[in-house]
Structures are given as C-alpha cells and as structure tokens.
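Q: Questions regarding the structure given below will be posed in turn.
The values are calculated or read from the model by the stated rules, or taken from the named source; none is laboratory data. Please read these numbers as outputs of a predicted model, since none were measured by experiment. Cβ placement follows ideal geometry from the backbone for every residue including glycine, while neighbour counts extend to all protein chains displayed. Ligands, DNA and RNA are excluded from the accessible area calculation, which covers all protein heavy atoms including side chains. Shrake-Rupley method; radii C 1.70, N 1.55, O 1.52, S 1.80 Å.
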Amino acid sequence: MKIWFDILTPKQLLFFEPMIKQFQKSHPVICTSRKYREVNKLAKYRKLNLIFVGKHGGAEKYDKLNASTNRINHLSKIIHKHLPDIAISFCSPEASRVAFGLGIKHIAFSDSPHAKAVMRLSVPLVQKLLIPWVIPKKEFTLFGIDRKNILQYKGIDAASIAKQNLGQKIKLPFSNKRKTILIRVEEDQAAYSGKNTKKTVMIIKSIIKEFSNENILVLGRYSSQIRFLNRTFGKKIKILKVIDGKTVLSNVDVFVGSGGTMTAEAALLGVPTISYNAVPNLIENYLVKSKLVKRETNPKQLVRSIKKCIISSNIDNKKRAKKMLNSMEDPYPKLVKAIHTLI
C-alpha cells in the first residue's frame with residue numbers, strides 16, 4: 001500500500017511525523033508540502049524528506065486562490081505519477097481536490113471547524129474525518145460529511161506533539177539565569193484570522209514594560225510578521241528562529257499564546273500558559289475549562305497573570321497536565337482502522 005501525506009503547517013508536520021515513521025516501516029510513503037517558512041525550516045530540523053509543491057498564498061484572497069489553483073495543477077501531475085492508494089491530510093484543500101479528481105481515497109484530520117473556508121473546500125470530498133472527542137460531530141456535518149464517516153479519538157492533536165521526544169540538542173539563545181516569557185504571535189494570514197495585530201502589540205508592550213529585566217522571547221510565523229516585530233520592538237525582545245517548540249517550552253517559565261496548537265502543547269507540558277484567545281476555538285475552550293490554560297485578553301490583566309505564574313509554585317499544575325497528557329489516546333490506531341475500511 002502506497003500512502004501519501006500532504007503537510008501544510010508546522011503543526012501538521014509534527015503531528016504526522018510519528019505516523020509517517022510508523023508507516024515507513026512497511027509501506028512506501030510520499031510526503032508533499034509547500035514553500036512556507038516555518039515548514040521548510042522545521043522539516044530540515046526534523047530531517048523529514050518532503051516534496052515541496054507550490055507555496056503559501058499569503059493574506060490576500062486573490063493570492064490564496066492563485067497559489068491554490070497552481071498547487072493543484074502541479075500536485076496532480078506528481079500524484080498521478082506516484083498513484084498512492086490512500087491520501088492523508090489535515091484537511092488540505094489541494095490534496096482533497098487532487099485525491100477526488102484521481103479517485104484516491106482520502107482520510108483527513110481536523111480540530112479546526114472555525115476554519116470554515118478550508119472546511120468547505122475539503123470536508124465534502126474526504127471519505128473519513130478524524131477529530132478530537134471534545135469537538136461534537138455536528139461541528140463538521142454542516143460542511144457536507146455524513147456523521148457516520150466522522151471518527152473521534154480521545155485526544156487533542158497537541159498531545160501527540162507533546163509526547164514526542166525532544167529534537168536535537170541546541171544552544172538556547174537566551175540566559176537561563178532570568179525568568180523567561182515566550183510569546184507566540186497569532187496567525188494573521190489565514191482566512192479565519194481576525195487580524196488582531198494592534199491588540200497583540202499592546203500585549204507585548206505591556207509585557208516589556210513590566211518584565212524588561214527578564215527574557216522576553218517572541219516566536220513569529222511569517223517573514224512579514226518578524227520584520228514588523230523587529231521594527232516595533234527592536235532589542236527589547238528576542239525573536240526566535242524556527243526551532244522545535246518542545247525544546248524551547250521545556251526552558252520557559254510562562255507561555256503566552258494566541259490559543260492555537262502551541263498554547264495547547266505548552267499547557268499539556270505543564271508550562272504556566274496564558275491565552276489571549278486571538279481565534280476562539282473549542283480546544284482552547286476545553287483547556288481553559290480544565291484549568292490548564294488561563295484566558296486573558298486584557299493586557300493589564302495578562303501581565304498580572306504572568307506575575308502570579310512567576311511567583312507561584314507550578315507543582316500542582318504539572319501534575320494535572322501530566323495526568324491529562326497520559327490520558328490522551330494516540331490517533332494512529334484509529335487512522336489504521338479507517339484505512340482498512342477503505343482499502
């Protein structure tokens with residue numbers, strides 16, 4: 001059986017990596033991606049061989065459409081040549097269209113029903129959809145998939161990433177003698193993003209004002225974001241290059257995230273985690289209710305929460321996080337079962 005993975009984001013790369021390695025033990029595996037800053041660098045760092053096809057479309061609608069149609073064209077030629085038996089993606093619109101057009105069965109994962117544009121372009125064309133159990137199936141059936149074709153697993157996707165081994169040892173670009181605050185800026189080029197740049201700037205300014213003697217690290221997503229952060233804050237912050245998230249998270253005292261995958265990963269690793277909830281989603285909501293994530297959208301309140309995290313003991317939080325992480329199910333067996341129902 002020949003298996004094709006289409007990998008579009010850093011989260012997808014880390015989520016699929018252990019599955020790819022498992023399948024490679026007994027099956028030919030093809031992995032495609034696109035030119036996208038964080039994916040390109042992370043693939044090299046993780047030593048994962050990807051075939052890069054097309055590029056990320058950026059923030060504008062026309063550019064997204066043009067990049068997607070061009071990628072479908074080039075991807076169809078490559079996949080037609082390899083003719084895999086099964087396609088696996090994280091609701092890749094291009095993989096969905098190519099697999100449908102070439103008659104290849106497609107299994108997709110998703111924890112993001114809020115990404116409505118992507119869901120509309122992919123979910124109606126997949127044969128099976130695998131989702132975390134905390135997301136109701138009805139969140140996806142409205143996009144055109146039958147309830148019986150949605151399979152839930154008792155886990156969230158960040159758990160699969162958090163359980164992986166640390167990447168290669170690297171010299172961290174900050175002093176461990178100070179307290180370290182890591183800020184992950186929000187996704188600002190996705191169709192679902194709210195473009196909360198002003199709010200994020202206010203949050204970072206508040207953190208700089210209160211914690212100027214500590215390590216303030218910022219992890220950007222796009223080159224344009226990084227240039228903006230450099231212009232706005234200069235040497236007041238340390239902008240990290242693309243490196244393995246778990247390596248950094250294991251060395252920080254507080255994580256401030258936008259509510260996405262890295263927020264969930266930090267929480268499950270027992271790092272004191274604050275979400276400024278740039279894109280409200282069901283996974284973040286679950287972690288807030290479980291008291292592994294503190295949600296703060298007001299910069300002043302957020303700073304107070306950081307102070308509390310820094311001076312408080314983190315023992316109970318780590319125990320709670322470890323218990324939850326250990327309870328999470330590996331989605332790989334569910335994927336194998338889904339494949340067997342189709343092939």
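Q: Counting Lys and Arg as +1 and Asp and Glu as -1, each charge on the Cβ, what is the dipole of the chain about the Cα centre in debye, to the nearest 20?
A: 860
Q: Would you be so kind as to identify which of Pro333, Thr141, Val256 lies farthest towards the positive end of the dipole of the chain, taking Lys and Arg as +1 and Asp and Glu as -1 on Cβ and the Cα centre as origin?
A: The listed residue farthest towards the positive side: Val256.
Q: So, one more: Quick one: the Cα spread of segment 88-143 along its three principal axes, in angstroms, biggest first?
A: Its Cα atoms span 33, 19, 15 Å along the three principal axes.
Q: Report the one residue of Leu269, Thr232, Val288 whose Cα lies farthest in the direction of the positive end of the charge dipole of segment 211-304 (charges on C-beta: Lys and Arg +1, Asp and Glu -1; origin at the Cα centre).
A: Positive-end residue among those listed: Thr232.
Q: Continuing with this model, one more query. Multiplying the sequence separation of Lys198 and Ile343 by 0.36 nm and subtracting their Cα-Cα distance, what value in nm do you get?
A: 47.3 nm
Q: If you don't mind, there's one more thing I want to ask. Once label points are set 7 Å from the Cα along Cα→Cβ at both Asn251 and Arg120, what is their separation, rounded to one decimal in nm?
A: Each label point lies 7 Å from its Cα, and together they span 4.4 nm.
Q: What share of all Cα pairs of segment 7-154, in percent, falls into each consecutive 10 Å distance bin?
A: With 10 Å bins starting at 0, P(r) equals 11, 41, 39, 10, 0.
Q: Here's another thing I want to ask about it. Suppose every Lys and Arg Cβ carries +1 and every Asp and Glu Cβ carries -1, with no other charges. What dipole size does segment 260-305 come out with about its Cα centre, to the nearest 20 debye?
A: Charge dipole of segment 260-305: 240 debye, to the nearest 20.
Q: If one computes the Cα centroid of segment 127-166 and of segment 299-343, what distance in Å separates the two points?
A: Cα centroid of segment 127-166 versus Cα centroid of segment 299-343: 16 Å apart.
Q: In nanometres, what is the gap between the two model label sites at Asn298 and Asn176, each 7 Å from Cα along Cα-to-Cβ?
A: 3.7
Q: Using only Cα positions of the chain, each an equal point scatterer, no hydration layer, compute I(q)/I(0) via Debye at q = 0.14 Å⁻¹ and quote the log10 values to two decimals.
A: -1.17
Q: Roughly what angle does helix 10-24 make with the longest principal axis of the chain, taking Cα atoms, 0 to 90 degrees, to the nearest 10?
A: 50
Q: Does anyone have the angle between helix 197-210 and the longest principal axis of the chain? Alpha-carbon axes, 0 to 90°, nearest 10?
A: The answer is roughly 40 degrees.
Q: Cα-Cα pairs above 11 Å in segment 71-117: how many percent?
A: Tail of P(r) above 11 Å: 66 percent of Cα pairs.
Q: Additional query: How far, in degrees from 0 to 90, does helix 37-46 lean away from the longest principal axis of the Cα atoms of the chain, to the nearest 10?
A: That works out to roughly 90 degrees.
Q: Of the accessible area of the chain, with the probe set at 1.4 angstrom, what percent is carbon plus sulfur?
A: For the chain, the apolar C and S fraction of the accessible surface comes to 52 percent.
Q: Now for a separate question. Roughly how many Å² is the accessible area per residue of the chain, as a whole number, for a 1.4 Å probe?
A: Ligands and nucleic acids excluded, the result is 48 Å² per residue.
Q: Just to be sure I understand: of the beta bridges DSSP finds with both ends in the chain, what percent are antiparallel, rounded to 5?
A: Close to 0 percent.
Q: In segment 205-225, whose amide N lies under 15 Å from the spot 7 Å out along Cα-to-Cβ of Arg231? List them in ranges.
A: 222-225, by backbone N distance to the label point.
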